[in-house]
Each structure stands twice: as structure tokens, then as C-alpha cells.
Amino acid sequence: MTDLSCAFLNLHLKNPTVLASGILGTSPTLLERVARAGAGAVTSKSCGPEPRAGHPNPVCLDWGGGLINAIGLTNPGIEEETRHLTASAQRLRPLGVPLIASIFAPSVEAFAEVARKVSAALPDLIEVNISCPNVGDEFGTPFAGLPETAAAVTAAVKAATDIPISVKLAPNVPVIARIARAVVEAGADAITAVNTMPGMVIDADAGRPVLANKMGGISGPALKPIALRCVAEIARAVKVPIIGTGGITTGRDAAEMIMAGASAVGIGSAAWYRGPEVFDAIVSELAEWMQAAGYSSIEEMRGIAIQ
Amino acid sequence: MTDLSCAFLNLHLKNPTVLASGILGTSPTLLERVARAGAGAVTSKSCGPEPRAGHPNPVCLDWGGGLINAIGLTNPGIEEETRHLTASAQRLRPLGVPLIASIFAPSVEAFAEVARKVSAALPDLIEVNISCPNVGDEFGTPFAGLPETAAAVTAAVKAATDIPISVKLAPNVPVIARIARAVVEAGADAITAVNTMPGMVIDADAGRPVLANKMGGISGPALKPIALRCVAEIARAVKVPIIGTGGITTGRDAAEMIMAGASAVGIGSAAWYRGPEVFDAIVSELAEWMQAAGYSSIEEMRGIAIQ
Amino acid sequence: MENERARSLVFDRPLTHAQPGQYLMAWLPEVGEKPFSIAGSDPLKITVVAVGPVSQALCQLKIGERVWVRGPLGSGYQPGGRRHLLVGGGYGAAPLFYLAQTLLARGEEVQVCLGARGQADLMLVSAFESAGCRTRITTDDGSAGEKGLVTQAVQAAIETFSPDTVYACGPVPMLVAVARLCEEKSINCQLSWEALIRCGMGLCGSCELDPEICQQTGVPQGWLTCKDGPVFQKNNQNSLS
Amino acid sequence: MENERARSLVFDRPLTHAQPGQYLMAWLPEVGEKPFSIAGSDPLKITVVAVGPVSQALCQLKIGERVWVRGPLGSGYQPGGRRHLLVGGGYGAAPLFYLAQTLLARGEEVQVCLGARGQADLMLVSAFESAGCRTRITTDDGSAGEKGLVTQAVQAAIETFSPDTVYACGPVPMLVAVARLCEEKSINCQLSWEALIRCGMGLCGSCELDPEICQQTGVPQGWLTCKDGPVFQKNNQNSLS
Ligand SMILES: Cc1cc2nc3c(=O)[nH]c(=O)nc-3n(C[C@H](O)[C@H](O)[C@H](O)COP(=O)(O)OP(=O)(O)OC[C@H]3O[C@@H](n4cnc5c(N)ncnc54)[C@H](O)[C@@H]3O)c2cc1C
Ligand SMILES: Cc1cc2nc3c(=O)[nH]c(=O)nc-3n(C[C@H](O)[C@H](O)[C@H](O)COP(=O)(O)OP(=O)(O)OC[C@H]3O[C@@H](n4cnc5c(N)ncnc54)[C@H](O)[C@@H]3O)c2cc1C
Ligand SMILES: Cc1cc2nc3c(=O)[nH]c(=O)nc-3n(C[C@H](O)[C@H](O)[C@H](O)COP(=O)(O)O)c2cc1C
Ligand SMILES: Cc1cc2nc3c(=O)[nH]c(=O)nc-3n(C[C@H](O)[C@H](O)[C@H](O)COP(=O)(O)O)c2cc1C
Ligand code: FES
Ligand code: FES
């Protein structure tokens, strides 16, 4: 039998699928639903220091080749979120599905503070979303945009918690391997790659961008080749495990991501294309595909496309 | 009647479509063919200091959401190319179609040298392709990846020629407005945005990347929202005209690009989707769409989505 | 004009495959995007109550002006049996009228209970009546029909009409009350929920039905109004659980 | 085995809509990707002459091993008239045999001229003959058929068979000679060109037919073998120009 279970740091995953942050990770009940739908691990929606309502509608659309969203990091603030995550961890533990808590903040210090607070919920991993703009930078350059800022956030978060951390990188950088090396040197235990690619969808008849926020993040099928390349570059540059994320919609996509060097596979937009129950579907497609192709474990496939 | 003619710097274009570099721009006969097919201006394939054969096959494929290519900057070297471009300029002049000569080089000095040489062919504009890796950088960071290197190339090219220059930017940067500002301050007369987005397509059955070069550049529909966002950001940051390029396949796409702030519209991959005669088709679709929507000139539409 | 604050927008094209109970997202550039129940599919129709920015802007559109829509989204009503009781509060009358038309066209029996704060908020009463539905009205202030909550009328209708299925669309407290009534009487019901719909794509989690309400009404935990709903089907007969 | 250096690969599935004269790109991971003429569409078939890395690797495949293909690409032959003369050099025999099968199935008349360096390089001779085509052979060294160039045989066939259309596939000098002959005799011809195909998508410009050759043979300037071709149709009768 094909064995889909895999180790990720000190965690045991039933299968390599991971619910990506920002998709259905807003409450204990939704995290539990996704866990029951077959995810190997689940990530909560990114939470920052203060409550945020997010952007007005439209916040998301399917433009044909993928999705674009600008939800605007809606979150209840880290105090309330920590209570939600405590409840979530309790619901997930009996299911054997690890909880990954995603955090963001507008400054290095605030990142440390949020990490310290969220640790009280005892998530299995903290995901550090550094794609948010650095409010201290005159251009609002995302922390993920430069090795220095990415490393600074990583080091600060690492010092603030004993829970392992995965740093989530952005695809819109000239050399992602360089950012990966910087965060690993600063203490990242793992890397999540990638976040959405900034984009804009314009409606010609309206003469306007469709999202209320004008710009948004591209995800789904259009992101897949970008994400595969990022993961391949990172896997060649560093040794930490990678949650490969971007455009994974089928079991075959998941196989490609693992071949690019990922240890686990993040899944977000596929919940739109195939519904929230997509995890079970991807997992069984992956198992069938591996069986037919003669692979007996995830480890056997990992990174073979970049050797 | 809808008037599609437009000014681009000191040039007069019959319509805003521009053949993008690397597509069909390898010979005087092909450049003429595209001009006769209706392009408002044509760009030659990027040429560097030395002849290059390019990468072995596979060099390009359609992965469903767009294309990916790693042709490998095949070119005959700048001496031979200058002869080709001289012949091309002669063929294009009677057609009223400006010639844009694209150049690249592995160092700032070599950029200046190539620009100086190509100027002998008297192209109407020199496009400076700075997406090639900087061989002097330990990570091979593309010149387009940092404001400093982008500006250095721009200043060197500007000093080497009297012909106006457009600097071609890459989409994989954290804040493209910052790069745009740097190249304009260094003397860029115009900006071409964007080049392809680095990606990788893996074939699960083969367990390998499909391109012989493994990584390649994403173009076509998947690039469109990324390119629109880049052009919008640049148009807000600088005043120079922009050749908006990426995923434009229809007249309506062209309208969206102009609404994002482009003065002209680069077209490449559409020659695969709709054949080399796509220029005439896009031009007449654009004219019809503008007529129906009540726009009487390109200028009237330009930038309205970012106001 | 359906009443003083409501207006039906009829589009110049159909939205094929749209079922009663499904919704669409209507966008007006610079104004916003909100969900609206489909009140007719060929031609596409929505009925809008002017309460805030988007709904007011929609109600002020002139004929020929453009509305951008994406849909149909979500899951609609799945008619069951041959005797149908429809219960509407507020704009809920709009999708129910579309449902009534569909059911009447099949030659089945339809009764309707409509509730509102006052007469001015009542919608589509004469439309239901002239279509041939027995219609019961309640208003909070007694300005039309019986004074009181629509659930009173529902209770009466259940006794006299003995419906096979109850279909409800309206404010959450009304739906909770209808759910409870139907459970007591062992009648299947289909409830169309309202929630803050943002993505409308089952991604952002914004429209999750409150876990408390889920518990009270038998909706599964983690239920997404935009994607699993807006209609929830509750089987109170032949239930195996 | 078609001859000592050639092999036909038959795939386990059809490539529907593939026309004689069209090609596909065949990829072997780690080895490379090259264009091959479609030699049969149902099941898909290609005939490969082992000359270099890709063609040798293809010829060495075992039954059941995988070849990745994209296609059909380019434009194929467009049969015209009822008397068809097929002229092949080297691997050119493969697409022509597929064309011959199609034409014979229509009950039309087919003659074939095949040229090669020597007997070992000749392909599909008996296949054409047993299919019922009159076949003329030439070899450079005289080891089979007449000694000389295939164009001699073509000249003779034109005189005796008076074809409506000539179809050719083979090396460039052969095509140039055939084009010239057909122009002299005012016979329509369809020439399948060979060029360095890289993208196979009409983008990279690599496969542009040499402008000199274009001038000599009436192919328009800037002609792309991969997309406009590989087959070029030259109308030497009823031409308006
Ligand atoms: C599945 C679904 C279907 C819907 N179908 C319809 C429909 O067919 N027709 C329709 O008119 N609306 C419908 N709505 C409600 C609609 O989506 C908007 O919420 C409503 O139009 C208000 O939006 P707004 O931007 O105009 O005002 P907002 O600024 O969102 O609201 C203005 C004020 O009105 C209050 N309010 C919001 N909705 C209502 C209401 N229904 N009654 C009374 N007060 C309200 C708000 O709390 C706020 O105080 C539906 C909602 C959902 C979730
Ligand atoms: C439209 C088109 C259709 C084609 N169809 C077929 C086909 O059906 N069957 C087929 O076998 N090939 C066909 N070819 C040729 C094929 O694409 C390759 O060029 C050939 O297989 C050699 O590739 P390689 O990688 O094996 O060797 P390469 O390294 O490319 O070539 C090895 C050596 O052989 C020489 N060479 C290349 N091709 C030939 C040739 N045809 N005859 C003699 N020497 C040659 C080269 O110049 C080189 O010196 C076609 C080419 C085109 C453009
Ligand atoms: C609606 C939506 C909301 C998202 N919110 C977040 C978020 O809060 N934090 C984060 O790190 N990533 C967020 N993402 C990015 C995803 O986690 C993921 O990196 C990206 O969507 C690519 O994966 P996919 O193609 O499988 O969706 C969001 C994506 C979507 C579509
Ligand atoms: C096959 C191919 C080759 C290309 N070669 C070059 C090149 O030599 N120089 C360059 O600046 N851009 C090159 N590009 C990028 C295009 O000029 C253009 O920026 C990109 O393809 C996006 O536009 P599109 O989506 O319309 O193709 C190439 C693109 C393709 C598809
Ligand atoms: S509105 Fe986003 S999940 Fe329902
Ligand atoms: S092979 Fe690239 S254009 Fe023909």
C-alpha cells in the first residue's frame, strides 16, 4: 500500500496536505471541518496584533486563470485569536491533525509580541507571514522582499517562542533562494512557499480594478509554475522542510510539488475549485497516482525533479 | 471614427500594439512580416555582445494557463545583429512602423558597449532588457532585481547612445515602483513592463522539469494580472510612457492595459494563441470595443483604472 | 417598485441554470458588491430593498445602466412533496416568489406566510395572491394583516394546510423559530440563511453560520452560508439519526 | 524496422485530427525534444531514422516505454486533383506513406519516387509497393534502383503519369529542385520543409525558411516552417499573380 504519511519537523502528518492560511481557517469549527475533510495539517488565518475588519467587497474573484483576493487580513486581534486557537488545538488533537498558527505584524517588535502571545495556544507550528508591508519602510516593502528584513523578523520571532516556526515567503523577489538562506540562518525551522503573487484585475467596461482594494494576490492554477520554481530554488539552497504552496488542485499537482522538493503541500484556492472537501480527493488521487507510478512513499518522490 | 494612433516619446504609432522582444523578431523578413500584420511598432529579439546558440529543446511549451520558455537568449552577436537591424530599419521605414532594438549584456560595461554598437543601425528606440542575470553578483541577481543595478545599467546605456531608451523591467521584485523610479532618475526615457515571470513546469510522469533549462519565463494569460498590477504601480510612480506587456491576447486585454496606464501594448505569446497575424485582429477588436464603449482616442482611456 | 423601499431589477439576459434559493454577487464599481437572491432566471431578476449604499445605488439605477454580476452561487431549494408552505421575512419574499412560480408551474399547492415590521416593508403580497397562493400576512405593528410574528401564521398554516415541506427566507430569529416549529411537527424544512458574505466562494470563512445557531437548528458545525447554503435542508421525517 | 537505421514507433493511443504532413514534438526526458512527421494517426505512428541523440534514443525504446508528444502541429498536405505524385528523400517517405494510404483509400491514383544515398537508407519501398503504388527508386551510389538524383525519376514520372499535384518531403536541395520542375511544367506542388524547429509554436523564429530559398521557390518571406508549414502549397496552375 502506498504510504502517504510523512514527518514534518517533529510532527507526524497522516498525509502531506496542509490547509493554507487564510482559507477556512477563521474558527475552531472550520479548522475542524477541514481536518475531518482529510487535511494532514491545518493553518489558521493570519492574525496580527490588533483586530482588523479587512477590505470592503469585492474581496475575491475567479478571473479564469486563477483567483485574486484582497481580503485585507481580517482578524480578531491576537488576544481573541489565541482563545480560538486554544479551542482549535483541543478539537484537532484527537483527530491527529497538527495546528499551524499563522501570524503577521507591521513591525519586527510587533511580530515578536504576537508570536509570544500566540504561543499560549500551543500550536504545533507558528507560520510567520512576512508578506505584509513593512510600515517602517518608505515604499512599504514587504518584510519578505529583502533578506535583511526577512531575517530580522525571523530572529525576533524565534527569540520570542519555543514553538518551531515556518517563515512564509513571497514569490515577488528577484532571488528567493537568497531570502530562504537568510531566514534559515536567522533560525527558521521550516519555510512555507509561497504566498500569493501581487496582481490586478481590471474590468474594461467598468474602467476600474475589480477588487475594492484595487490590487490583490494571485493564487490558484496561474500560481503553480511560479510556486514550483520557488520551491525548487529554495530546496536547492537550504535543508529545512518546505510547505510547498500555490495552485495545487489535484493529486498530480501535489506530486509535482513534492518532486520540486516540498515536504508538505499547502492547499488554498482548490477549496473554491473543488469545495472544502477537496483534501480527501487530493489525498486519494495522490495515493492512486503514486501506486500507478510505482512510488511507495512521499520521501521517495521528494525533490527528484531537481536532482 | 475611433482613432488608434498614438504618440510614444517622439514616435508616431499607427496603433498602440508593439511586437514584444523575443517573438518573431529574429530577422528583417520576420520583423517586416509582423509590421505588415498590423503591429504599431516591432521589437527585435534581445541581442548581447557575443553570439549565443541558446538552450537545447524543449525550449517552450503551453502549460494550459500560459506559456513557459527558456530559449536562452539565442542571438547572432551584436555585430551581425546590427547589420540585420540596419536592413530591418530600411524595410520598416516605408511602412511607418518604428523599430525597437532590444539589447542585453552580462555587465554594466558590456551593456554600454552593446548600446553603442546597436545605435549604428539607427533603431527608433533601444529596449534595455535587464532581466538577464548579473554575472558579477554571487546569486546572479538580475539587473532588474535591485534599484541600484537597474539604475547603473540605465545610466551606462544612456551615456553610450543618443537614441531614446526604454528599460524593460522584471515582475519578480518586491516593489516595482521603486525600480521604475530608479531607472527614470538614471535617465530612462520609457519603461517596458514586464518581462516573463520565472517559473517551472514539472511533468509528474517524467519526474522532471519539462524545459531542458528546468526554469523558464511565464508569459501569456497567467501573466496578465501580474503585468497589469506592475504597469499600474509604475504609472503611479513615474511619468515616462510605458509599453505594457504581459498576457495581452485580445483588444479588450489591450484596453485594460491602457487603462492601467500603458501608452503602448506589448504582444508576444498571443502570436501562439492566435497566430502571427494577431496584430490586425487585436487592433480591430480594440477599435470596435472603444467605439462601443464611447472612447474616441487611446489617450482618453489611458490610466483611467488607476485614478 | 415592489413597495416603497424595494425595487426589482430585470436584466437584459438570462442566467441559465439559476435555481430558486441561489444568489448572485452584484457589483457596482466604486460602490460595492453584495449578495442578492435570484428572483427569476429568464430574464434574470433580483429584488432589492434599499437599506444601505449598495442596495440604494442599485435601486437608483436607470434602465439601461450596467450591473456586474457573478453567479449563480450557492445551493438553492430542493422542492420535496406536493404541498409547499413558503415563509418570508423582508427581502425573503423575492426568492420565495420565484420558488412559488416554479412550484405552481408544476401544478402543486403553495401557501405563503409573509412577515414584516409594517405595511411599508411588505413585499410582493399581491404578486403571490394573483399567482394563486393562499397568503397570510403578519406585521409587527399590525399595520397590515395580523399583528405579531410570522411564526404565528406559520403555526396556523401548518395545522390547516399540513404542508410536506416548509421553505423559509428571512432574518435569523425567524429561521430559528421556523426550524423549531418544523422539528416539533416533524415537517421537513429548508431554511435560507443570511450572513456576511464577502468572497462568496467558500474561502474566507466570513459567512460561517454561528455555531450556537447551528446547534439550535441542526445545521452542521462549520457550515458556510455562501457555499454550502444559503439554503439548508433539514430532514425532520424519516430521519435515520 | 523499416530499414537498418529506421524504426516505426506505434503509440497506444490515437492522435485524432492529425493530417498527413503535420508533425509532433517528441520528448524524451534528459535526452531532448525533436519534431517528427506523423506517419499514422490511429494509432499514432512516427518513423524515426537514428542519426543523433534523440532519434537514436527513440529507436532504442522498448515496447511499453513512454514517449511524451505534443501535437499535431503545423499544417499538412491538402490533396488536390486525383492523380498524385509523391516524392520522398530520407525520412520523408514516412509522412508520404501516410498520405498515400489516405489517397488510396479515396480510390485515387498514387505514384511514388523515393531517393536515398544508398540501399540501406531507403525506407518503406515494399510498403508503398504492396499498397499498390507504382514506385521509382534512385540512389546516389546506384546500390538500388537507378543511380542518380530523385529529381530524374520525378521528371520521368511527370511525363508518363501527368500528376495533378506533386507532394514532396526531404532535404532542402531536393525540394528546391522539385519546386523548379513543377514550376516549369505548371503543376501544383506541396513541399514539406525541414528547418531547425525549437519552440514549434511560431514564436522563436528559429525555423524561418531562408529568404534566398523563399525567393527561389515562391515561398513568402518570413515563412515559419513550424507554424505556417511544414507543408507549403505552391499553385502553379490557375495562378492569378
Ligand atoms: C444570501 C443572501 C441573499 C440576499 N438577498 C437579498 C435580496 O434578494 N434582496 C435584498 O434587498 N437584499 C438581499 N440580501 C442582503 C444584501 O446582500 C445586503 O446585505 C443589503 O442589500 C444591504 O447592503 P448595503 O450595502 O446596501 O447596506 P449595508 O451598509 O450593508 O447595510 C445598511 C444597514 O442596513 C442593515 N441591513 C442590512 N441588510 C438588511 C436587511 N435585509 N433588512 C434590514 N436591514 C438591513 C445593516 O445592518 C446596516 O445597518 C441578501 C443577503 C444574503 C446573505
Ligand atoms: C518538420 C520535420 C519533420 C521531421 N520528421 C522526421 C521523421 O518523421 N523522422 C525522422 O527520423 N526525422 C524527422 N525529422 C528530423 C528530426 O526532427 C531530427 O532532426 C532528427 O531525428 C535528428 O535529431 P537527433 O537529436 O537525433 O540528432 P541531431 O544531433 O540533431 O543530428 C545528428 C546529426 O545528424 C544530422 N541529421 C539531422 N537530421 C538528419 C536527417 N534527417 N538525415 C541525415 N542526417 C541528419 C545532423 O545534421 C547532425 O549532424 C523531421 C524534422 C522536421 C523539421
Ligand atoms: C482568500 C485568500 C486568503 C488568504 N489569506 C492569507 C492569509 O491570511 N495569510 C497568508 O499567509 N496567506 C493567505 N493567503 C495565501 C494562501 O495561504 C496561499 O499561500 C496562496 O493562496 C497560494 O495557494 P493556493 O494557490 O493553493 O491558493 C490567502 C489566499 C486566499 C486565496
Ligand atoms: C518565446 C519567448 C521569447 C522571449 N524572448 C525575450 C527576449 O529575448 N527579450 C526580452 O526582453 N523578452 C523576451 N520575452 C518576453 C516577452 O518579450 C514578453 O515580455 C513576455 O512574453 C510577456 O508578454 P506576452 O505575455 O505577451 O508574451 C520572450 C517571451 C517568449 C514567450
Ligand atoms: S463569504 Fe467567504 S467563505 Fe463564505
Ligand atoms: S520553431 Fe520557433 S518559430 Fe518555428
Computed curve, the range D:63-205, Cα-only Debye sum without solvent term, log₁₀ I(q)/I(0) at 0.09, 0.11, 0.21 Å⁻¹, is -0.28, -0.42, -1.31
Where a ≥ b ≥ c are root eigenvalues of the Cα gyration tensor, a/c under 1.5 meaning rounded, otherwise prolate if a/b exceeds b/c and oblate otherwise, the range C:6-73 counts as prolate
At the level of C-alpha centres, the distance separating the range A:2-17 and the range A:174-202, in angstrom, is 23
To the nearest 0.05, the calculated FRET efficiency linking D:Glu212 and B:Glu277 through their beta-carbon distance, R0 being 22 Å, is 0.35
Ordered by number, the trypsin sites (Lys or Arg not before Pro) in the range B:164-245 that occupy a DSSP loop and have at most 16 other Cβ atoms within 10 Å are B:Lys239
Scoring only Lys, Arg, Asp and Glu (+1, +1, -1, -1) among other residues with Cβ under 15 Å from the Cβ of C:Val67 yields +2
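Other chains near A:229-238: what is the mean number of their Cβ atoms within 10 Å of each residue's Cβ? It would help to have the intermediate numbers written out before the result.
On the way: counts 14, 4, 1, 6, 3, 0, 0, 0, 1, 0.
The per-residue average across the peptide is 3.
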A student applying the Cα gyration tensor rule (rounded when a/c is under 1.5; otherwise prolate if a/b is larger than b/c, oblate if not) would label the range A:6-306 rounded
The lysines whose Cα lies under 30 Å from the Cα of C:Lys147, excluding any fewer than 8 residues away in the same chain, are C:Lys185, C:Lys234
The simple spin-label model distance between D:Asp141 and B:Ala87, using points 7 Å out along Cα→Cβ, in nm, is 3.8
Of all DSSP beta bridges having both residues in the protein assembly as shown, the percent classed as antiparallel (nearest 5) is 45
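Are there any chymotrypsin sites (Phe, Trp or Tyr not before Pro) in the range A:274-307 that are in a DSSP loop and have at most 15 other Cβ atoms within 10 Å? List them by number.
none
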P(r) over all Cα-Cα pairs of the range A:1-85, 5 Å bins from 0 to the longest distance, whole percent per bin, short to long, reads 3, 13, 18, 18, 19, 14, 9, 4, 1, 0
Between the alpha carbon centres of the range D:174-241 and the range C:1-43 the gap in Å comes to 57
With one decimal in nm and the nearest listed first, the spacings from B:Glu109 to its own position in the other copies, using label points 7 Å along Cα-to-Cβ, are 4.8
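Can you tell me what share of the DSSP beta bridges in the range C:81-147 is antiparallel? A percent to the nearest 5 is fine.
0
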So, with points 7 Å from each Cα along the Cβ direction, the A:Phe139-D:Ser130 label distance in nm works out to 7.1
For the range D:6-73, the dipole about the Cα centre with charges only on Cβ (Lys and Arg +1, Asp and Glu -1), to the nearest 20 debye, works out at 60
Inter-copy distances for D:Ala131, nm, shortest first, label points 7 Å along Cα→Cβ, are 6.7
Each label sits 7 Å from Cα toward the beta-carbon; between C:Asp12 and B:Arg116 the label points are separated, in nm, by 6.2
Cα extents of chain C per principal axis, largest first, Å, are 47, 39, 35
To the nearest 0.05, the calculated FRET efficiency linking D:Gln119 and B:Asn213 through their beta-carbon distance, R0 being 41 Å, is 0.50
For peptide B:14-26, the mean count of other chain Cβ atoms within 10 Å per residue Cβ is 2
Cβ-Cβ cut-off under 12 Å around D:Lys147, Lys and Arg +1, Asp and Glu -1: the net charge is -2
Copies of A:Gln291 compared via label points 7 Å along Cα→Cβ give distances in nm, shortest first, of 6.0
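Computed from the coordinates by the stated procedures, all read-outs in this text should not be read as laboratory data. Here the structure is a predicted model, which is why all the values come from computation and not from measurement. FYI the Cβ positions are ideal-geometry reconstructions off the backbone, even for glycines, and counts take in every protein chain you see.
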